[in-house]
Amino acid sequence: MMSLLRNFNISTMQISCRLVSNYVSRMRHLLELKEDDEVCRKALRSGAFLLFHNFCPLLQRSENKYTAPFVTASELNRILQKLKQKEKYMEESVLIGCTANHVAQFALDLGRIEKAKAESVLKGTFVDLRKAFFLLDGKDAPLLSQAQGLLRWHSTHLYCSQTGRPTQKNVSGSKRVCSTEEIIYYPQMSPVIIVLVSDGAQCLLARQESFPPGMYSALAGFCDIGETVEESVQREVAEEVGLEVSSFEYSASQHWPFPNNSLMIACHALVHPGQNKIDLNPIELEDARWFDAKVIAEALKRKRMPTQKEMGDVPFWIPPPWAVAHQLIKEWNQRQQPC
(Lines give C-alpha, C1' and ligand atoms only; values in the text may rest on other atoms or scores of the structure.)
Protein backbone atom coordinates (compact mmCIF):
# COMPACT_ATOMS: atom_id res chain seq x y z
CA MET A 1 0.00 0.00 0.00
CA MET A 2 2.80 2.44 0.94
CA SER A 3 4.51 1.65 -2.36
CA LEU A 4 1.32 2.50 -4.25
CA LEU A 5 0.98 5.79 -2.37
CA ARG A 6 4.62 6.69 -3.10
CA ASN A 7 4.09 5.93 -6.80
CA PHE A 8 0.90 8.00 -6.81
CA ASN A 9 2.64 10.96 -5.14
CA ILE A 10 5.56 10.80 -7.57
CA SER A 11 3.17 10.63 -10.55
CA THR A 12 1.17 13.58 -9.20
CA MET A 13 4.36 15.61 -8.72
CA GLN A 14 5.55 14.76 -12.23
CA ILE A 15 2.22 15.88 -13.75
CA SER A 16 2.34 19.07 -11.66
CA CYS A 17 5.91 19.83 -12.77
CA ARG A 18 4.99 19.27 -16.40
CA LEU A 19 2.05 21.69 -16.07
CA VAL A 20 4.20 24.35 -14.41
CA SER A 21 6.98 23.89 -16.95
CA ASN A 22 4.53 24.18 -19.84
CA TYR A 23 3.07 27.37 -18.38
CA VAL A 24 6.49 28.94 -17.89
CA SER A 25 7.54 27.87 -21.38
CA ARG A 26 4.36 29.38 -22.85
CA MET A 27 4.81 32.68 -21.01
CA ARG A 28 8.45 32.94 -22.12
CA HIS A 29 7.42 32.24 -25.71
CA LEU A 30 4.69 34.90 -25.51
CA LEU A 31 7.20 37.42 -24.17
CA GLU A 32 9.53 36.69 -27.09
CA LEU A 33 6.66 37.13 -29.56
CA LYS A 34 5.73 40.47 -27.98
CA GLU A 35 9.24 41.90 -28.03
CA ASP A 36 10.83 40.44 -31.16
CA ASP A 37 9.20 41.66 -34.38
CA GLU A 38 10.89 39.08 -36.60
CA VAL A 39 9.91 36.15 -34.40
CA CYS A 40 6.32 37.41 -34.28
CA ARG A 41 6.23 38.03 -38.05
CA LYS A 42 7.30 34.42 -38.58
CA ALA A 43 4.62 33.22 -36.11
CA LEU A 44 1.97 35.07 -38.16
CA ARG A 45 2.54 32.60 -41.00
CA SER A 46 1.61 29.61 -38.82
CA GLY A 47 -0.73 31.20 -36.27
CA ALA A 48 -4.48 31.09 -35.61
CA PHE A 49 -6.78 34.09 -35.87
CA LEU A 50 -10.00 35.34 -34.28
CA LEU A 51 -11.77 37.63 -36.76
CA PHE A 52 -13.71 40.84 -36.03
CA HIS A 53 -15.51 43.47 -38.06
CA ASN A 54 -15.53 46.92 -36.43
CA PHE A 55 -14.87 45.18 -33.08
CA CYS A 56 -17.74 42.69 -33.54
CA PRO A 57 -16.47 39.08 -33.35
CA LEU A 58 -17.23 36.47 -36.00
CA LEU A 59 -19.63 33.79 -34.73
CA GLN A 60 -20.65 30.58 -36.45
CA ARG A 61 -23.77 28.61 -35.59
CA SER A 62 -24.10 24.83 -35.65
CA GLU A 63 -26.95 22.84 -34.10
CA ASN A 64 -28.21 25.84 -32.09
CA LYS A 65 -24.73 26.40 -30.65
CA TYR A 66 -22.59 29.45 -31.34
CA THR A 67 -18.80 29.39 -31.47
CA ALA A 68 -16.10 31.99 -32.11
CA PRO A 69 -13.85 30.03 -34.49
CA PHE A 70 -10.11 30.38 -34.93
CA VAL A 71 -8.96 30.54 -38.56
CA THR A 72 -5.51 29.19 -39.49
CA ALA A 73 -2.99 31.42 -41.26
CA SER A 74 -3.32 29.45 -44.51
CA GLU A 75 -7.14 29.69 -44.36
CA LEU A 76 -6.90 33.41 -43.66
CA ASN A 77 -4.64 33.89 -46.68
CA ARG A 78 -7.23 32.24 -48.91
CA ILE A 79 -9.99 34.35 -47.35
CA LEU A 80 -8.04 37.59 -47.89
CA GLN A 81 -7.44 36.63 -51.52
CA LYS A 82 -11.17 36.06 -52.04
CA LEU A 83 -11.85 39.43 -50.43
CA LYS A 84 -9.21 41.04 -52.67
CA GLN A 85 -6.96 42.03 -49.77
CA LYS A 86 -3.17 41.79 -49.63
CA GLU A 87 -1.44 39.23 -47.41
CA LYS A 88 0.20 42.13 -45.53
CA TYR A 89 -3.24 42.82 -43.99
CA MET A 90 -2.38 40.05 -41.52
CA GLU A 91 0.22 42.32 -39.91
CA GLU A 92 -2.59 44.55 -38.66
CA SER A 93 -3.51 41.75 -36.23
CA VAL A 94 -2.67 41.76 -32.51
CA LEU A 95 -1.22 38.93 -30.46
CA ILE A 96 -3.62 37.60 -27.80
CA GLY A 97 -2.03 34.34 -26.65
CA CYS A 98 -0.54 31.02 -27.63
CA THR A 99 -1.53 27.38 -27.22
CA ALA A 100 0.27 24.74 -25.17
CA ASN A 101 1.99 23.74 -28.42
CA HIS A 102 3.23 27.32 -28.92
CA VAL A 103 0.86 28.13 -31.78
CA ALA A 104 0.50 31.92 -31.67
CA GLN A 105 -3.05 33.29 -31.45
CA PHE A 106 -3.99 36.63 -33.01
CA ALA A 107 -7.04 38.85 -33.50
CA LEU A 108 -7.65 40.72 -36.77
CA ASP A 109 -10.33 43.31 -37.55
CA LEU A 110 -11.70 43.20 -41.11
CA GLY A 111 -13.48 46.53 -40.75
CA ARG A 112 -12.25 47.93 -44.06
CA ILE A 113 -14.03 45.10 -45.94
CA GLU A 114 -17.76 45.17 -46.71
CA LYS A 115 -19.44 43.31 -43.83
CA ALA A 116 -21.94 41.29 -45.90
CA LYS A 117 -19.23 40.16 -48.29
CA ALA A 118 -16.93 39.07 -45.44
CA GLU A 119 -19.77 37.17 -43.72
CA SER A 120 -20.61 35.38 -46.97
CA VAL A 121 -17.02 34.20 -47.47
CA LEU A 122 -16.55 33.28 -43.80
CA LYS A 123 -19.95 31.56 -43.46
CA GLY A 124 -20.65 33.33 -40.20
CA THR A 125 -22.03 36.52 -38.64
CA PHE A 126 -20.28 39.44 -36.99
CA VAL A 127 -22.15 40.05 -33.73
CA ASP A 128 -21.93 42.94 -31.25
CA LEU A 129 -19.71 41.76 -28.41
CA ARG A 130 -22.28 42.39 -25.66
CA LYS A 131 -24.79 40.21 -27.50
CA ALA A 132 -22.12 37.62 -28.33
CA PHE A 133 -21.39 37.20 -24.62
CA PHE A 134 -24.95 35.94 -24.12
CA LEU A 135 -24.77 33.55 -27.08
CA LEU A 136 -21.43 31.90 -26.25
CA ASP A 137 -20.42 29.70 -23.36
CA GLY A 138 -17.92 31.01 -20.83
CA LYS A 139 -14.74 29.55 -22.31
CA ASP A 140 -14.79 31.92 -25.32
CA ALA A 141 -15.53 35.11 -23.39
CA PRO A 142 -12.11 35.99 -21.85
CA LEU A 143 -10.17 35.71 -25.13
CA LEU A 144 -12.80 37.68 -27.07
CA SER A 145 -12.77 40.32 -24.35
CA GLN A 146 -8.98 40.60 -24.52
CA ALA A 147 -8.95 40.63 -28.32
CA GLN A 148 -11.58 43.35 -28.69
CA GLY A 149 -10.00 45.44 -25.93
CA LEU A 150 -6.59 45.36 -27.59
CA LEU A 151 -7.95 46.06 -31.08
CA ARG A 152 -9.98 49.00 -29.75
CA TRP A 153 -6.99 50.40 -27.83
CA HIS A 154 -4.90 50.48 -31.00
CA SER A 155 -7.70 52.22 -32.91
CA THR A 156 -7.78 55.06 -30.35
CA HIS A 157 -4.00 55.55 -30.04
CA LEU A 158 -3.04 56.28 -33.64
CA TYR A 159 -1.35 59.55 -32.70
CA CYS A 160 1.14 60.58 -30.04
CA SER A 161 -0.46 62.72 -27.33
CA GLN A 162 2.79 64.68 -26.89
CA THR A 163 3.90 65.33 -30.48
CA GLY A 164 0.66 64.85 -32.42
CA ARG A 165 2.50 62.62 -34.88
CA PRO A 166 1.36 59.12 -35.96
CA THR A 167 2.35 56.17 -33.79
CA GLN A 168 3.38 52.77 -35.16
CA LYS A 169 2.25 49.39 -33.83
CA ASN A 170 4.94 46.78 -33.31
CA VAL A 171 4.16 43.44 -35.02
CA SER A 172 2.60 41.82 -31.93
CA GLY A 173 0.59 44.88 -30.94
CA SER A 174 2.09 44.93 -27.44
CA LYS A 175 2.93 48.64 -27.83
CA ARG A 176 2.85 51.69 -30.11
CA VAL A 177 5.84 53.95 -30.72
CA CYS A 178 6.16 57.58 -31.72
CA SER A 179 9.35 57.29 -33.74
CA THR A 180 10.14 61.00 -33.74
CA GLU A 181 10.62 61.13 -29.98
CA GLU A 182 10.89 57.39 -29.27
CA ILE A 183 7.89 57.67 -26.95
CA ILE A 184 6.36 54.27 -26.18
CA TYR A 185 2.69 53.65 -25.35
CA TYR A 186 1.52 50.40 -23.76
CA PRO A 187 -2.11 49.18 -23.56
CA GLN A 188 -3.69 50.11 -20.24
CA MET A 189 -6.80 49.22 -18.24
CA SER A 190 -8.90 51.38 -15.94
CA PRO A 191 -9.64 49.94 -12.47
CA VAL A 192 -13.34 49.53 -11.71
CA ILE A 193 -14.84 48.22 -8.48
CA ILE A 194 -17.90 45.97 -8.67
CA VAL A 195 -19.49 45.32 -5.30
CA LEU A 196 -22.33 43.13 -4.08
CA VAL A 197 -23.85 44.87 -1.06
CA SER A 198 -25.61 42.82 1.61
CA ASP A 199 -27.41 43.54 4.88
CA GLY A 200 -26.84 39.95 6.00
CA ALA A 201 -30.17 38.50 4.86
CA GLN A 202 -30.56 40.19 1.47
CA CYS A 203 -28.31 41.39 -1.33
CA LEU A 204 -28.70 44.60 -3.30
CA LEU A 205 -28.89 44.55 -7.10
CA ALA A 206 -29.39 47.51 -9.42
CA ARG A 207 -29.84 48.32 -13.08
CA GLN A 208 -28.82 51.13 -15.40
CA GLU A 209 -30.96 52.31 -18.28
CA SER A 210 -28.42 50.86 -20.73
CA PHE A 211 -28.87 47.29 -19.36
CA PRO A 212 -30.90 44.74 -21.34
CA PRO A 213 -34.57 44.70 -20.18
CA GLY A 214 -35.02 43.00 -16.81
CA MET A 215 -31.33 42.56 -15.99
CA TYR A 216 -30.03 43.52 -12.54
CA SER A 217 -26.41 43.39 -11.42
CA ALA A 218 -24.01 44.42 -8.65
CA LEU A 219 -23.04 48.09 -8.21
CA ALA A 220 -19.98 49.21 -10.18
CA GLY A 221 -17.94 52.33 -10.78
CA PHE A 222 -14.50 53.60 -11.77
CA CYS A 223 -11.82 54.15 -9.15
CA ASP A 224 -10.85 57.81 -8.83
CA ILE A 225 -7.19 58.85 -8.96
CA GLY A 226 -5.69 58.64 -5.48
CA GLU A 227 -8.33 56.22 -4.15
CA THR A 228 -7.74 52.79 -2.68
CA VAL A 229 -10.11 49.96 -3.59
CA GLU A 230 -11.68 50.25 -0.14
CA GLU A 231 -12.35 53.97 -0.61
CA SER A 232 -13.82 53.39 -4.06
CA VAL A 233 -16.23 50.77 -2.69
CA GLN A 234 -17.39 53.08 0.11
CA ARG A 235 -17.82 56.08 -2.20
CA GLU A 236 -19.68 54.22 -5.00
CA VAL A 237 -22.17 52.63 -2.59
CA ALA A 238 -22.79 56.00 -0.91
CA GLU A 239 -23.17 57.82 -4.26
CA GLU A 240 -25.45 55.31 -5.99
CA VAL A 241 -27.74 53.99 -3.24
CA GLY A 242 -27.08 56.23 -0.22
CA LEU A 243 -25.78 53.45 2.03
CA GLU A 244 -22.71 53.31 4.24
CA VAL A 245 -20.47 50.24 4.06
CA SER A 246 -19.29 48.78 7.39
CA SER A 247 -16.92 46.11 5.99
CA PHE A 248 -15.85 44.63 2.68
CA GLU A 249 -14.08 41.55 1.29
CA TYR A 250 -12.19 41.06 -1.99
CA SER A 251 -13.47 38.21 -4.20
CA ALA A 252 -11.93 38.17 -7.70
CA SER A 253 -11.03 40.25 -10.76
CA GLN A 254 -11.87 40.16 -14.47
CA HIS A 255 -10.98 42.07 -17.63
CA TRP A 256 -14.04 43.83 -19.06
CA PRO A 257 -13.83 45.50 -22.49
CA PHE A 258 -16.65 48.00 -21.83
CA PRO A 259 -16.65 50.91 -22.09
CA ASN A 260 -12.93 50.84 -22.83
CA ASN A 261 -10.70 48.21 -21.20
CA SER A 262 -11.63 47.98 -17.52
CA LEU A 263 -10.21 45.76 -14.78
CA MET A 264 -13.19 44.73 -12.67
CA ILE A 265 -12.23 44.31 -9.00
CA ALA A 266 -15.04 42.31 -7.41
CA CYS A 267 -15.92 42.64 -3.71
CA HIS A 268 -18.57 41.78 -1.15
CA ALA A 269 -19.67 44.52 1.25
CA LEU A 270 -21.88 44.71 4.36
CA VAL A 271 -23.89 47.76 5.37
CA HIS A 272 -24.38 48.88 8.96
CA PRO A 273 -27.10 46.87 10.72
CA GLY A 274 -30.51 48.47 10.40
CA GLN A 275 -29.29 50.95 7.80
CA ASN A 276 -30.55 49.37 4.58
CA LYS A 277 -32.98 52.00 3.28
CA ILE A 278 -32.08 52.70 -0.36
CA ASP A 279 -31.73 56.32 -1.41
CA LEU A 280 -31.44 55.91 -5.20
CA ASN A 281 -29.33 58.29 -7.27
CA PRO A 282 -31.44 58.60 -10.46
CA ILE A 283 -28.53 60.05 -12.42
CA GLU A 284 -26.53 56.86 -11.88
CA LEU A 285 -29.23 54.16 -11.71
CA GLU A 286 -32.67 53.35 -13.03
CA ASP A 287 -33.57 51.06 -10.11
CA ALA A 288 -32.07 49.25 -7.10
CA ARG A 289 -33.70 46.61 -4.89
CA TRP A 290 -33.01 44.15 -2.10
CA PHE A 291 -33.39 40.45 -3.04
CA ASP A 292 -33.57 37.52 -0.64
CA ALA A 293 -31.77 34.19 -1.08
CA LYS A 294 -34.85 32.37 -2.41
CA VAL A 295 -35.33 34.82 -5.29
CA ILE A 296 -31.60 34.83 -6.05
CA ALA A 297 -31.52 31.02 -6.11
CA GLU A 298 -34.25 31.04 -8.77
CA ALA A 299 -32.36 33.61 -10.84
CA LEU A 300 -29.19 31.50 -10.70
CA LYS A 301 -31.06 28.57 -12.25
CA ARG A 302 -31.73 30.54 -15.44
CA LYS A 303 -28.98 29.64 -17.87
CA ARG A 304 -29.72 32.24 -20.53
CA MET A 305 -31.21 35.65 -21.21
CA PRO A 306 -35.05 35.40 -21.37
CA THR A 307 -36.68 35.85 -24.76
CA GLN A 308 -39.06 38.78 -25.34
CA LYS A 309 -41.99 36.38 -24.98
CA GLU A 310 -40.67 35.03 -21.64
CA MET A 311 -40.03 38.44 -20.07
CA GLY A 312 -43.53 38.66 -18.58
CA ASP A 313 -42.99 35.45 -16.58
CA VAL A 314 -39.45 36.28 -15.42
CA PRO A 315 -39.31 38.95 -12.68
CA PHE A 316 -35.65 39.70 -13.29
CA TRP A 317 -32.44 38.03 -14.44
CA ILE A 318 -28.73 38.41 -13.71
CA PRO A 319 -25.53 38.53 -15.83
CA PRO A 320 -24.32 35.26 -17.46
CA PRO A 321 -22.25 32.70 -15.48
CA TRP A 322 -18.83 33.74 -16.80
CA ALA A 323 -19.32 37.38 -15.65
CA VAL A 324 -17.71 38.28 -12.34
CA ALA A 325 -21.01 39.87 -11.23
CA HIS A 326 -22.65 36.44 -11.56
CA GLN A 327 -19.86 34.91 -9.47
CA LEU A 328 -20.40 37.47 -6.69
CA ILE A 329 -24.12 36.73 -6.64
CA LYS A 330 -23.49 32.98 -6.63
CA GLU A 331 -20.97 33.26 -3.77
CA TRP A 332 -23.40 35.29 -1.70
CA ASN A 333 -26.20 32.80 -2.30
CA GLN A 334 -24.01 29.86 -1.29
CA ARG A 335 -23.21 31.60 1.99
CA GLN A 336 -26.94 31.82 2.76
CA GLN A 337 -27.35 28.05 2.59
CA PRO A 338 -27.49 26.22 5.96
CA CYS A 339 -24.31 24.28 6.79
Item to complete: Could you please let me know if Val233 is touching a Leu at 6+ places or on another chain (Cβ under 8 Å) and either part of a loop (DSSP other than H, G, I, E, B) or modelled with pLDDT of 95 or more (or both)?
Response: no
Worksheet item: Do the conditions hold for Ile265, that is, is it under 20 Å from the mean Cα position of the chain (by Cα), of a type in the set (A, V, I, L, M, F, W, C) and under 23 Å from Ile296 (Cβ atoms)?
Response: yes
Worksheet item: Can you tell me which residues in the range 177-204 are touching a residue at least 40 places away in the same chain (Cβ under 8 Å), more than 22 Å from the chain's Cα centre (by Cα) and outside any loop (DSSP other than H, G, I, E, B)?
Response: Val197, Ser198, Gln202, Cys203, Leu204
Practice prompt. Give just the number: which of (1) part of a loop (DSSP other than H, G, I, E, B); (2) surrounded by 14 or more Cβ atoms within 10 Å (Cβ to Cβ); (3) out of contact with any Ser or Thr (no Cβ under 8 Å at 6 or more places or on another chain); (4) in the same structural domain as Ala43 (by TED's automatic domain parsing) does Ala132 not satisfy?
Written response: (1)
Practice prompt. Take Val20 and decide whether it is among the β-branched types (Val, Ile, Thr), modelled with pLDDT of 50 or more and over 30 Å from Leu76 (Cα atoms).
Written response: yes
Discussion item. Here is a check on your reading of the model: is Leu143 within 21 Å of Pro259 (Cα to Cα) and in a helix (DSSP H, G or I)?
Written reply: yes
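Might you let me know whether the range 52-72 holds any residue that is under 14 Å from Ala104 (Cα atoms), small (Gly, Ala, Ser) and either surrounded by 14 or more Cβ atoms within 10 Å (Cβ to Cβ) or in contact with a His (Cβ under 7 Å, 6 or more places away or on another chain) (or both)? Write out each step before concluding.
Initially, the range 52-72 is screened for residues under 14 Å from Ala104 (Cα atoms), giving 70-72.
Narrowing further to those that are small (Gly, Ala, Ser): none.
No: zero hits.
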Worksheet item: Do we find a residue being among the hydroxyl-bearing types (Ser, Thr, Tyr), loosely packed, with under 13 Cβ neighbours inside 10 Å, more than 30 Å from Cys56 (Cβ to Cβ) and without any contact (Cβ under 8 Å) to a residue 24 or more places away in the chain anywhere in the range 205-225?
Response: no
Practice prompt. Could you list all residues from the range 116-139 that are closer than 15 Å to Leu76 by Cβ and without any contact (Cβ under 8 Å) to a residue 60 or more places away in the chain?
Written response: Val121
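Residue by residue through the range 146-176, note down the ones that are part of a helix (DSSP H, G or I) and among the small types (Gly, Ala, Ser).
We begin by selecting, within the range 146-176, every residue part of a helix (DSSP H, G or I); these are 146-155.
Matches in the range 146-176: Ala147, Gly149, Ser155.
Just give me the residues in the range 281-290 being touching a residue at least 60 places away in the same chain (Cβ under 8 Å) and in contact with a helix residue (DSSP H, G or I) (Cβ under 8 Å, 6 or more places away or on another chain), in sequence order. Step through it out loud before you land on a result.
First, pick out the residues of the range 281-290 that are touching a residue at least 60 places away in the same chain (Cβ under 8 Å): 284-290.
Glu284, Leu285, Ala288 - these are the residues of the range 281-290 that are touching a residue at least 60 places away in the same chain (Cβ under 8 Å) and in contact with a helix residue (DSSP H, G or I) (Cβ under 8 Å, 6 or more places away or on another chain).
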Discussion item. Checking Ile113 against (1) without any contact (Cβ under 8 Å) to a residue 60 or more places away in the chain; (2) under 13 Å from Phe52 (Cα atoms); (3) in a loop (DSSP other than H, G, I, E, B), only one condition comes out false. Which one?
Written reply: (1)
Discussion item. Cβ-Cβ distance below 6 Å, separation of 6 or more or different chains: which pairs start in the range 76-104 with a residue that is modelled with pLDDT of 95 or more and end on one that is among the hydroxyl-bearing types (Ser, Thr, Tyr)?
Written reply: Leu95/Ser172
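The values are calculated or read from the model by the stated rules, or taken from the named source; none is laboratory data. Note that the structure is a prediction, hence the values are computed from the model and not measured. Cβ atoms come from the backbone with ideal geometry, glycine included; neighbour counts cover every protein chain shown.
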